[in-house]
Amino acid sequence: MNPLAAPDHKDDFKLKDTKPQLGERWPHGGPRGGGGWISSERATSTYDLVEQMFYLYVRVVKAKDLPTNPVTGSCDPYIEVKVGNYKGETRHFEKKTNPEWKQVFAFSKEKIQSSVVEVLLRDREKVKRDDHVGKVVFDVHEVPTRVPPDSPLAPQWYRLEALHGDNKVKGEVMLAVWMGTQADEAFPEAWHSDAASVHREGVLNIRSKVYVSPKLWYLRVNVIEAQDVEPLDRSQLPQVFVKAQVGNQILKTKLCPTRTTNPMWNEDLIFVAAEPFEEQLTLTVENKASPAKDEVVGRVDLPLQIFERRLDYRPVHSKWFNLERFGFGALEGDKGHELKFSVRLHLRVCLEGAYHVLDESTMYISDQRPTARQLWRQPVGILEVGILSAQGLLPMKTKEGRGTTDAYCVAKYGLKWVRTRTIIENFNPKWNEQYTWEVYDPSTVITLGVFDNCHLGGGEKPSTGGGARIDSRIGKVRIRLSTLETDRIYTNSYPLLVLQPSGLKKMGELQLAVRFTCLSLANMIYLYGHPLLPKMHYLHPFTVNQLDSLRYQAMNIVAVRLGRAEPPLRKEIVEYMLDVDSHMWSMRRSKANFFRIVSLFSGVISISKWLGEVCKWKNPLTTVLVHVLFFILVCYPELILPTIFLYMFLIGIGNYRLRPRHPPHMDTKLSWAEAVQPDELDEEFDTFPTSKQQDVARMRYDRLRSVAGRIQTVMGDMATQGERFQALLSWRDPRATSLFVIFCLIAAVVLYITPFKIITLVTGLFWLRHPRFRSKQPSVPSNFFRRLPSRADSML
């Protein structure tokens with residue numbers, strides 16, 4: 001057992017209850033707070049699932065009539081907003097006396113240690129220190145409070161004062177100063193005092209953003225046939241195939257089995273495409289000139305916009321397309337390439353709108369709607385998530401010789417991705433941001449991940465020692481909506497667990513507030529009787545290999561498109577959230593899944609043990625009661641099914657008191673993360689194909705052969721038992737089949753002349769007989785069955 005993966009405090013890996021102060025809380029004298037602090041369980045604010053955070057906002061709009069420098073004869077103005085030790089600067093303009101900035105600065109109220117706000121206007125100097133042009137000063141205690149949805153505070157013109165003294169100077173500045181919360185519209189785009197150390201392009205990477213996944217389509221290309229295929233070598237008939245390409249996706253038809261100029265395939269090639277369509281469908285007909293050489297016979301590029309979009313499986317009209325190829329013209333200096341007509345290709349192409357394009361594992365699916373919006377149902381609920389804070393994060397990188405973490409949180413549900421702002425250099429960041437999603441199916445999962453921002457431009461180095469600048473994983477949380485009670489607020493602290501090559505590690509805790517609101521109970525119950533995916537997945541399904549390949553292509557497309565946003569949602573984030581490596585081999589996961597299967601049969605095993613104790617009269621009173629129940633059921637067989645269902649009803653009612661009170665979370669014991677061997681972890685984090693030394697790869701290969709050998713033995717035993725059943729009537733063993741046939745004849749006569757109740761009663765009494773009437777030897781039917789032949793004798 002890996003000592004690093006065996007912590008002393010197992011409770012650290014469990015879910016914890018929290019009691020944050022959610023909802024609006026306004027002090028005395030505020031716009032709503034005439035009676036002191038107010039808070040409600042269901043406040044009218046859209047920010048009722050987070051703790052309220054107060055900010056001092058300063059909006060700098062523009063300036064006019066600014067004085068020029070007597071030496072340079074110009075003015076390069078910028079504004080510095082200063083509150084205590086915190087200060088923020090606008091961008092500066094060159095040679096402009098009427099600049100417009102339109103920037104907002106936000107200062108956290110709990111960190112303000114000054115009673116005044118200073119707005120200083122400066123003139124940028126290249127050689128000497130920047131000149132002070134003037135200032136405007138506000139008293140923090142006199143700043144008005146704004147509560148959304150009130151309209152924004154109107155900015156006003158303020159005359160500049162001299163830096164020393166109360167004299168007015170030339171020039172005016174348009175400003176607005178108010179006290180608000182994170183619910184303010186200016187909050188997402190504002191400069192934050194918490195991120196005062198971030199400059200230039202790093203500022204864009206710390207802001208909170210909402211992203212939308214691109215609209216994905218399945219592109220079905222049915223390659224029917226080709227005509228007039230003319231190879232370069234006309235002495236022999238061509239043997240061709242069609243290669244289709246959309247972006248980085250390349251698929252080929254099978255090689256036409258016969259050599260002909262008019263080949264036929266009738267094969268479907270499936271691609272993933274995203275709107276807006278940027279790629280083209282490129283088709284080439286290629287001839288297999290030799291085993292090592294394919295020659296292009298013709299080519300055509302088709303824009304995806306021309307293809308029909310269908311919402312069901314009705315036939316799509318096929319079309320002929322003329323292909324072109326570039327052949328060498330006569331050797332005449334400037335003639336170059338000559339464009340020749342070559343082949344006709346018969347296609348049936350459409351964009352499938354009735355399928356849901358899977359970009360995540362079906363085990364953790366967050367959306368199941370078809371591509372076409374016309375086929376969407378009405379939402380059945382609303383999911384609200386308050387991302388409150390993280391606690392006890394570990395240092396993820398080193399900056400100026402000390403460990404630090406710049407954490408942000410990403411949540412993904414359906415097509416909507418959200419990213420909180422980055423809290424700089426804080427192991428206990430507080431985000432307090434709330435987001436909302438429409439829910440179309442309760443049997444879906446929301447995924448939240450916490451990451452360390454490594455793109456702030458500060459020269460930080462990852463603590464792992466690697467040189468790659470990628471955002472490090474801190475941990476991930478999944479919540480299945482069907483496990484939540486409706487209209488209840490869940491406030492819990494989730495452990496952030498990461499499996500590393502050194503073992504299981506707790507990176508911190510993520511505090512969330514979650515509420516699932518039901519809009520239509522009837523529609524939600526209606527969904528439980530319908531398939532999870534759109535009906536086309538079941539009427540005309542894809543193969544397992546197709547689904548795996550299409551999911552990988554869809555994930556790549558989503559990662560590329562989201563990586564082009566500003567700020568980008570980087571590829572490593574998208575891959576981690578979509579579980580791109582969930583299909584890779586892992587000895588740990590294989591053990592975990594095996595014991596999951598074992599636990600499923602634990603109930604059956606317990607019942608069989610209990611019945612064995614009843615048959616052996618371990619508890620005579622229980623055995624007598626079972627006899628009584630057996631007699632009743634034999635005499636009144638119509639009570640059997642009602643008794644079974646009544647028993648399950650009573651079990652369900654009894655388990656209601658023991659129902660889970662918390663959402664599910666990552667279970668280290670279920671995942672076999674606590675008892676994993678170091679070498680198994682090293683194998684799990686190995687690249688594909690492997691990058692290990694030959695002796696290590698050989699050892700792992702031998703271990704895999706050993707595991708596969710056990711599985712092979714179990715499968716062989718199961719096949720042997722099934723073949724023995726077949727041998728009962730196959731006359732493979734003539735004596736055994738003769739005995740079984742005679743037994744069947746006698747059993748048919750006895751069962752015909754004897755009432756069924758008596759047969760059942762005698763069989764039950766024989767099975768429940770006292771141990772003194774039992775033998776320790778195997779029973780006659782068991783001995784007979786084990787002697788039957790199987791096809792194992794014919795195996796090489």
Pro663 fails exactly one of the following numbered conditions: (1) assigned to a loop (DSSP other than H, G, I, E, B); (2) modelled with pLDDT of 85 or more; (3) open to solvent by 60 Å² or more (accessible area, probe 1.4 Å). What is the number of that condition? (3)
Residue in the range 688-697 that is open to solvent by 80 Å² or more (accessible area, probe 1.4 Å), among the hydroxyl-bearing types (Ser, Thr, Tyr) and more than 30 Å from Ser443 (Cβ to Cβ) present: yes
What is the number of the single condition among (1) open to solvent by less than 10 Å² (accessible area, probe 1.4 Å); (2) over 21 Å from the mean Cα position of the chain (by Cα); (3) of a type in the set (Lys, Arg) that Arg488 does not meet? (1)
Report whether or not Leu323 is modelled with pLDDT of 90 or more, of a type in the set (A, V, I, L, M) and either more than 40 Å from the chain's Cα centre (by Cα) or in a strand (DSSP E or B) (or both). no
Please go through the range 252-278 and give me each residue that is of a type in the set (D, E, K, R) and either closer than 13 Å to Gln227 by Cα or open to solvent by 70 Å² or more (accessible area, probe 1.4 Å) (or both), ordered by number. Lys252, Lys254, Arg259, Glu278
Only helices (runs of 4 or more DSSP H) wholly contained in the range 489-597 count here; list those with 2 or more residues that are among the polar types (S, T, N, Q) and within 30 Å of Tyr313 (Cβ to Cβ). 544-562
Qualifying residues in the range 279-306 (those that are within 37 Å of the chain's Cα centre (by Cα) and not in a strand (DSSP E or B)) - the one surrounded by the most Cβ atoms within 10 Å (Cβ to Cβ): Leu304
When restricted to Ser738, Ser782, Ser775, the only residue in a loop (DSSP other than H, G, I, E, B) and either at pLDDT 85 or above or small (Gly, Ala, Ser) (or both) is Ser775
Residue list for the range 681-735, filter: among the β-branched types (Val, Ile, Thr) and outside any loop (DSSP other than H, G, I, E, B): Val696, Val707, Ile711, Thr713, Val714, Thr720
Of the numbered conditions (1) over 24 Å from Leu153 (Cα atoms); (2) at pLDDT 85 or above, Ser40 fails exactly one; give the number of that condition. (2)
If you check every pair at least six apart or on different chains, which have Cβ atoms under 7 Å apart with a residue in the range 609-627 that is on the phi > 0 side of the Ramachandran plot first and a residue that is of a type outside the set (Ser, Thr, Tyr) and exposed (fewer than 14 other Cβ atoms within 10 Å of the Cβ) second? Trp617/His770; Trp617/Pro771
Taking first residues from the range 503-515 that are within 13 Å of Met396 (Cα to Cα) and second residues anywhere that are of a type in the set (Ser, Thr, Tyr) and open to solvent by less than 10 Å² (accessible area, probe 1.4 Å), the pairs with Cβ under 9 Å that are 6 or more apart or on different chains are Gly508/Thr405
Ala673: touching a residue at least 40 places away in the same chain (Cβ under 8 Å), part of a helix (DSSP H, G or I) and surrounded by 10 or more Cβ atoms within 10 Å (Cβ to Cβ), yes or no? no
Residues that are open to solvent by less than 20 Å² (accessible area, probe 1.4 Å), outside any loop (DSSP other than H, G, I, E, B) and farther than 23 Å from Asn428 by Cα, drawn from the range 164-192: Gly171, Val173, Leu175, Ala176, Val177, Trp178, Met179
Scanning the range 193-207 residue by residue, the ones that are modelled with pLDDT of 80 or more and either open to solvent by 20 Å² or more (accessible area, probe 1.4 Å) or in contact with a Leu (Cβ under 8 Å, 6 or more places away or on another chain) (or both) total 3
Can you name every residue in the range 148-163 that is farther than 23 Å from Ser115 by Cβ and either open to solvent by less than 20 Å² (accessible area, probe 1.4 Å) or polar (S, T, N, Q) (or both)? Ser151
Given (1) over 21 Å from Ser443 (Cα atoms); (2) open to solvent by less than 20 Å² (accessible area, probe 1.4 Å), number of the condition Arg473 does not satisfy: (2)
Checking His317 against (1) in a strand (DSSP E or B); (2) over 31 Å from the mean Cα position of the chain (by Cα); (3) at pLDDT 90 or above, only one condition comes out false. Which one? (1)
Report whether or not Arg309 is in contact with a Cys (Cβ under 8 Å, 6 or more places away or on another chain) and part of a strand (DSSP E or B). yes
In the set Glu80, Glu110, which member is surrounded by 12 or more Cβ atoms within 10 Å (Cβ to Cβ), out of contact with any His (no Cβ under 8 Å at 6 or more places or on another chain) and among the acidic types (Asp, Glu)? Glu80
Considering only the range 378-407, state which residues are open to solvent by less than 20 Å² (accessible area, probe 1.4 Å), in a strand (DSSP E or B) and closer than 14 Å to Tyr494 by Cβ. Val385, Gly386, Ile387, Leu388, Ser389, Ala390
Residue that is surrounded by the most Cβ atoms within 10 Å (Cβ to Cβ), among those in the range 503-559 that are more than 30 Å from Glu267 (Cβ to Cβ) and of a type in the set (Phe, Trp, Tyr): Phe516
Out of all the residues in the range 417-445, which are outside any strand (DSSP E or B), under 12 Å from Ile206 (Cβ atoms) and among the charged types (D, E, K, R)? Arg421, Glu425
Cβ-Cβ below 7 Å, separation at least six or inter-chain, first residue in the range 233-246 and in contact (Cβ under 8 Å) with a residue 12 or more places away in the chain and within 8 Å of Lys288 (Cβ to Cβ), second among the aromatic types (Phe, Trp, Tyr) and outside any strand (DSSP E or B): which pairs? none
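The values are calculated or read from the model by the stated rules, or taken from the named source; none is laboratory data. A quick note: this is a predicted structure, and the numbers were derived from the prediction, not measured. All Cβ positions, even for glycine, are placed from backbone atoms using ideal geometry, and neighbour counts span all protein chains on display. The accessibility values were calculated without ligands, DNA or RNA, using every heavy atom of the protein model including side chains. Shrake-Rupley method; radii C 1.70, N 1.55, O 1.52, S 1.80 Å.
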